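Remarks on the structure that follows.
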Amino acid sequence: MAGRDTKPARSRAAKIDKDRPGEGRGTSIKSRQRAVEFKLEETSLWIDANVRLIKSSKGLGWTNLFAALTSESPHEALHGAVPAVWLAMTVTPTDVKRTGKAGKQEAVLPENRTSILASGEAVQDEIRSSLEAMHVYLKQDVVDEVSEELYPDRRSRRRVVSVFGSDDPTLRLFMTAIGASLDRPPQGNALKVEYLSYALAAHLLRNHSTLAAGTSLPRPAETLNSRQLAAIGEYVDSSLSRNVTVSELAAIVGLARSQFLRRFKASTSVSPYQYVMLRRIKKAKQYLADPKLDVLSIAMLCGFSNRAHFASTFRRALGVTPGEYRLAIR
């Protein structure tokens, strides 16, 4: 749920080293404990004015997963693809819309519902009401290791799939146990969390998975890195009053047009056109808070051809007209 507001720097497809010594099959847990801590920067979670960090696993020495409890206000977020399974559980109810590989999904989720995003997938979330959420990022390396143990025959190997708002009581217990571990001292607790990470991977593979394609787990699609997405965001924000072409955006990151389109879609789960429109709507919302600006001026500043175009696009995105939105925020 929480995530990176529509500032595109929010996609962090940070590489997780898969060749650390002592991480192979059959090595002891003690040797695996020497691995580097799984950090916030390796996830798609972004902490900003809309997403406040209450507590996290930073500094606890957890190597297989990263966990965080957040307090969030309404926002839109683009979650880039990362090599980890992302689980987000509602601690309090919320109204959310998710757009990703499975299309558009929206619901008012009660507390203790968990959404799963498969490794290598990107989504766009619109959080429509304030909430607290528990986030867990489980390294794909851990899932792969457990899959090999559970399904030695590569033909029966499984992969975790994305799920929206699951009411899985066992998954809820895992998320609660990991959350409780955030308050415990690191000594001895890191070992417990490591065992939990393998048990969590086994549960996901047995209950939220499908047969892997071919004889190996699929490789995530190539994505844009956080620096490239930041450059695109800055360029779009500075050019909202005019049309921005795909060729311009591709040139910024030094890619051919077709290659850029594939990577952009994999990174943001929306097309460049949809992305620009989202940025225009976001800027328009900011302008509408200023009573000195009339609606027509805001439409022109945000790159809409006329007032009617602005009103129809705004209503399609948010369900209200610019005028209705302005009245609601007074």
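Here, each number is a calculation from the coordinates, and none is a lab measurement. Small disclaimer: the values here were computed from a predicted structure and weren't measured. Cβ placement follows ideal geometry from the backbone for every residue including glycine, while neighbour counts extend to all protein chains displayed.
Taking the longest Cα principal axis of the chain as reference, the axis of helix 140-150 is set at about 40 degrees.
Would you work out if region 124-203 is rounded, prolate or oblate? Take a ≥ b ≥ c from the square roots of the eigenvalues of the alpha-carbon gyration tensor; rounded if a/c is under 1.5, else prolate when a/b is larger than b/c, oblate otherwise. Oblate, since a/c reaches 1.5 and b/c is not below a/b.
At full extension, A202 and L318 could sit 37.8 nm farther apart than now, given 0.36 nm per residue minus the alpha carbon distance.
Between region 105-152 and region 266-330, the alpha-carbon centres lie 30 Å apart. Cβ-Cβ distance of K104 and K39, R₀ of 41 Å, FRET efficiency by 1/(1 + (r/R0)^6): the value works out to about 0.85. Remark on S162: its backbone amide H falls under 5 Å from those of A118, a criterion applied only to residues 5 or more positions apart or on other chains, H modelled at 1.01 Å from N.
Treating each Cα of region 59-112 as one equal point scatterer and applying the Debye formula with no solvent, the log10 of I(q)/I(0) at q = 0.13, 0.15, 0.16, 0.28 Å⁻¹ comes out as -0.44, -0.58, -0.66, -1.40. Structure remark: mean-square fluctuation, Gaussian network model of the chain, C-alpha springs under 10 Å; the largest value among E126, E106, E76 belongs to E106. Taking a Cβ cut-off of under 9 Å around S209, the surrounding Lys, Arg, Asp and Glu residues balance to a net charge of +3, with basic ones at +1 and acidic ones at -1. Comparing L288, L229, L278 in a Gaussian network model of the chain, where Cα atoms under 10 Å apart are tied by springs, the biggest mean-square fluctuation is seen for L288. Over 19 Å between Cα atoms, which of K58/K139; K39/K139; K55/K282; K55/K285 qualify? Violating the 19 Å Cα-Cα cut-off are K55/K282; K55/K285.
The relative contact order of region 226-329 comes to 23 percent, based on Cα pairs under 8 Å that sit 6 or more residues apart.
Would you mind counting up the charge near D290? Only other residues with Cβ under 13 Å from its Cβ, with Lys and Arg at +1 and Asp and Glu at -1. Net charge in that neighbourhood comes out at +4. The C-alpha atoms of the chain occupy a region whose extents along the principal axes are 66, 43, 32 Å, arranged from largest to smallest.
Between A308 and L211, the FRET efficiency from the beta-carbon distance, with R0 = 56 Å, is close to 0.65. By the helix-only formula, in which each DSSP H run with n ≥ 4 contributes -39500 (n - 2.57) and the sum is divided by residues, the chain has a 222 nm mean residue ellipticity of -11500 deg cm²/dmol. Under the rule a/c < 1.5 gives rounded, and otherwise a/b versus b/c splits prolate from oblate, where does region 164-278 land using the Cα gyration tensor? Because a/c hits 1.5 or more and a/b exceeds b/c, region 164-278 counts as prolate.
Taking a ≥ b ≥ c as the square roots of the eigenvalues of the Cα gyration tensor, region 264-330 is classed as prolate, since a/c reaches at least 1.5 and a/b is larger than b/c.
For a modelled paramagnetic label at Q274, 7 Å from Cα along Cα-to-Cβ, the residues of region 33-66 in reach, with backbone nitrogen under 20 Å, are 44-45.
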